[in-house]
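Colleague: First the structure, then my questions, so here it is.
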Amino acid sequence: MVAPSPTHCSTRKHQAFSIPTIDMSLDRYVVCDKILQACEEHGFFKLVNHGVPSRIISSMEEESHDFFSKPACEKQEAGSPSPFGYGCKSIGLKGDMGELEYILLEANSASISRRSTTMSTDPEKFSTVVSEYVQTTKDLSCKVLDLMAQGLRLPDKSLSCLIQDNDNDSCFRVNHYPPFEGNSERDSTNGGPLIGFGEHCDPQLLTILRSNNVGGLQIYSKDNHWISVPPHPAELCVFVGDALQVLTNKRFHSVRHRVLANCNKQSRISMMYFGAPSLTASLSPLQQTVSPHRHVIYKTFTWGEYKKAVYSGRLGDRRLEFFELA
Ligand code: GA4
C-alpha cells in the first residue's frame with residue numbers, strides 16, 4: 001500500500017498561496033502564458049469567462065440531482081461500475097471507499113444514449129443534456145490543450161487532436177457527496193480528516209471539473225500542504241493529468257487531489273470531463289520538451305497500457321513512477 005501524503009492542512013503561512021485563476025476573455029498570448037505557468041507550477045488552475053453556458057451547467061446539475069434523489073434500487077438499474085455505471089461508496093476494484101455515490105459514463109453520445117434508458121424516466125432528455133454538457137466541456141478542453149500546445153511551441157492542435165480522435169477514451173463522471181452524517185470531522189482510525197474521495201492523480205490528459213457551491217476539494221501543493229479550493233459558481237477547475245505529464249516530459253505536473261467528506265448541510269455535486277486519447281495512442285515525451293538539460297524521463301507506452309496499470313491498482317498508487325526510464 002502507498003503511504004498517503006501528510007494530512008496537515010494549510011496553515012496561515014500557506015493560505016498566502018493563491019490558486020491561479022485565468023480569465024479566458026483576455027488576450028490569447030496572456031492566457032497562454034498564464035496557463036503555461038500554472039501547469040508548470042501547480043498542475044492546476046481555475047478558469048473564468050470559459051464560455052460554457054450556465055444553462056448547460058444548470059441542466060446537467062438538475063439531471064444529476066434527479067438521478068441521485070431516486071431510491072437506491074432504481075439507481076442500481078444503471079449497473080454496477082465496471083468501470084461504467086452507478087457506484088455507491090466503493091471506488092475501483094481494490095476496496096477503496098469514499099463518502100459518495102457517483103455515475104461514470106463513456107464520453108460519447110452513442111454510449112450516453114444507451115445508458116440513459118437505465119438512468120432516467122425521460123432518457124431522451126437525460127441523454128441530450130449529458131451529451132451537450134460533455135460536448136461543451138470537450139470543446140473547452142480542446143481550446144485549453146491548444147493554448148498549452150502554443151505555450152510549449154508544439155505544432156498547432158498536436159494535443160487536442162488526441163481527444164478529437166474518434167476512438168478517444170474520454171469519460172464523464174458525476175459525484176454526489178451527501179451531507180455526511182457521522183458525528184466527527186476526524187477519522188478516528190488515522191487522526192486525519194474524513195475523506196469523501198481519497199487522494200489521487202487523474203490518469204488522463206486533463207480534467208475539467210465543475211462543482212456546485214459546496215466545498216471539499218483540496219489539492220496537494222509543491223510545498224507538501226493540502227490547499228482547500230473554494231467553490232465558485234462562475235469557475236471551472238482544470239487539472240493536469242498523468243498522460244500530459246508524460247507528453248510534456250514532466251514540464252507539466254499532474255496534481256494530487258482529494259475531496260473531504262461533506263460536513264455541510266447541502267449536498268455537494270461535482271461533474272468531471274476526463275479527456276483521454278485512444279487506447280492505442282502512444283505516450284512518450286514530445287520532442288519539443290526534450291533538451292540536453294532535460295533528458296527523456298519516460299519510456300514509450302500506450303494509453304491502454306497505462307490505463308490497465310492504473311485501474312488494476314489502488315486509488316492513491318503512484319503508478320507513473322514505473323514508466324520512468326532507469
Ligand atoms: C481517478 C480519476 C477518475 O475518477 C477515474 C477513476 C477510476 C474509477 O473510479 O474507476 C479509478 C481512479 C480514477 C484511479 C485508480 C483506479 C481507477 C478508481 C481506482 C481505484 C474514472 C479514473 O480514470 O481513474
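Colleague: Are any of the pairs Lys89/Lys125; Lys75/Lys157; Lys138/Lys307 more than 30 Å apart by Cα-Cα distance, and if so, which? Don't skip to the answer; put the middle values down first.
Modeller: Working: Lys89/Lys125 27 Å; Lys75/Lys157 39 Å; Lys138/Lys307 20 Å.
In this structure, Lys75/Lys157 lie more than 30 Å apart at Cα.
Colleague: Rounded to the nearest 20 debye, what is the charge dipole size of region 232-302 about its Cα centre when +1 sits on each Lys and Arg Cβ and -1 on each Asp and Glu Cβ?
Modeller: Dipole size: approximately 220 debye.
Colleague: Can you give the net charge of the other residues whose Cβ lies under 11 Å from the Cβ of Glu99, counting K and R as +1 and D and E as -1?
Modeller: Taking every other residue near Glu99 into account, the sum is -1.
Colleague: In what order do Cys263, Cys237 fall by count of nearby beta-carbon atoms within 10 Å, going from fewest to most? Don't skip to the answer; put the middle values down first.
Modeller: Working: Cys263 18, Cys237 24.
The order, fewest Cβ neighbours first, is Cys263, Cys237.
Colleague: For region 240-263 and region 285-310, what is the separation of their Cα centres, given in Å?
Modeller: 15 Å
Colleague: So, with +1 on the Cβ of K and R and -1 on the Cβ of D and E, and no other charges, what is the size of the charge dipole of region 11-323 about its Cα centre, to the nearest 20 debye?
Modeller: 780 debye
Colleague: Farthest toward the dipole's positive end in region 168-318, which of Met271, Gly191, Leu283, given Cβ charges of +1 (Lys, Arg) and -1 (Asp, Glu) about the Cα centre?
Modeller: It is Leu283.
Colleague: Can you put Tyr86, Tyr177 in order, fewest other beta carbons within 10 Å first?
Modeller: Neighbour counts put them in this order, fewest first: Tyr86, Tyr177.
Colleague: Can I ask one more? Would you mind counting up the charge near Phe68? Only other residues with Cβ under 12 Å from its Cβ, with Lys and Arg at +1 and Asp and Glu at -1.
Modeller: Details: positive: Lys70, Lys75, Arg268; negative: Glu61, Glu62, Glu63, Asp66, Glu74, Glu101.
Summing Lys and Arg as +1 and Asp and Glu as -1 gives -3.
Colleague: Counting Lys and Arg as +1 and Asp and Glu as -1, what is the net charge of the other residues whose Cβ lies under 12 Å from the Cβ of Thr118?
Modeller: Details: positive: Lys70, Lys75, Arg114, Arg115; negative: Glu74, Glu77.
That works out to +2.
Colleague: Cut-off is 10 Å between beta-carbons; in what order do Lys250, Lys308 appear when sorted fewest neighbours first? Provide the component values of the computation, followed by the final result.
Modeller: On the way: Lys250 16, Lys308 13.
Starting with the residue having the fewest Cβ neighbours, the order is Lys308, Lys250.
Colleague: Rg to Rh for region 11-323: what is it, with Cα atoms only and Rh by Kirkwood?
Modeller: Radius of gyration relative to Kirkwood radius: 0.94.
Colleague: While we're looking at this one, here's another question. Can you list the aspartates and glutamates whose alpha carbon sits under 14 Å from that of Lys250, skipping same-chain ones fewer than 8 residues off?
Modeller: List returned: Glu40, Glu41, Asp242, Glu321, Glu324.
Each value in this text was obtained by applying a stated rule to the coordinates, not by laboratory testing. These numbers were taken from a predicted model, which means no experiment stands behind them. All Cβ positions, glycine included, derive from the backbone under ideal geometry; neighbour counts span all protein chains shown.
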